[in-house]
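Written out below as structure tokens is the structure these notes cover.
Please treat every number below as a calculation from the coordinates, not as lab data. Keep in mind the model is a prediction, meaning the values are calculated, not measured. No Cβ is skipped: glycine too gets one built from the backbone with ideal geometry, and neighbour counts run over all protein chains shown.
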Amino acid sequence: MISFKEAQEIIIGLAAPFGTETVSLEKALGRVLAEPVTADRDYPPFNRASMDGYAMKYTDIEKGIFELEMIETIFAGQLPQTALKSGQCYKIMTGAAVPVSADMIIQRENITGNDNHITIRPGKYKPSSRFQNRVKM
């Protein structure tokens, strides 16, 4: 029996690179990339909701407004039809573009209420710094 170190040296001595080749995407299944793949731009090119929740203005929280009128539901691929005002929010679904008038999303688990009015549960909330390339209405 040989030692671990000897076995390791034998394997390293026999190892050789496989080389690289270009194959079509259809034939790439099970293969390993030879170099990193990077995108030349963000896709999608806008900030999107990473969870179901409620999009609103952080200034409402700062003003102590914790009861909001839910004015519209935004699904992925849709834009809001109504501009967001103070005291209002959008129900927003995962993947939907975050409107420029909203700077925070609160998870639906932190909300109570019905289809027209919601109440934000007490907690520590802050605006999202990632909403910089928002879709304009």
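A few remarks follow.
- Close pairs from the stretch 86-111: first under 19 Å from residue 124 (Cα atoms), partner buried (at least 21 other Cβ atoms within 10 Å of the Cβ) and among the β-branched types (Val, Ile, Thr), Cβ under 7 Å, at least 6 apart: 89/118; 105/92; 105/98; 111/118
- Positions within the stretch 1-45 being among the hydroxyl-bearing types (Ser, Thr, Tyr) and either within 30 Å of residue 97 (Cα to Cα) or within 27 Å of the chain's Cα centre (by Cα) (or both), in sequence order: 38, 43
- Filter result (closer than 10 Å to residue 49 by Cβ and surrounded by fewer than 21 Cβ atoms within 10 Å (Cβ to Cβ)) within the stretch 76-90: 76
- Answer from 21, 26, 69, 35 - the residue that is surrounded by 10 or more Cβ atoms within 10 Å (Cβ to Cβ), out of contact with any helix residue (DSSP H, G or I) (no Cβ under 9 Å at 6 or more places or on another chain) and of a type in the set (Asp, Glu): 69
- Among residues of the stretch 98-117, those that are loosely packed, with under 12 Cβ neighbours inside 10 Å, assigned to a loop (DSSP other than H, G, I, E, B) and either at positive phi or not polar (S, T, N, Q) (or both), counted: 1
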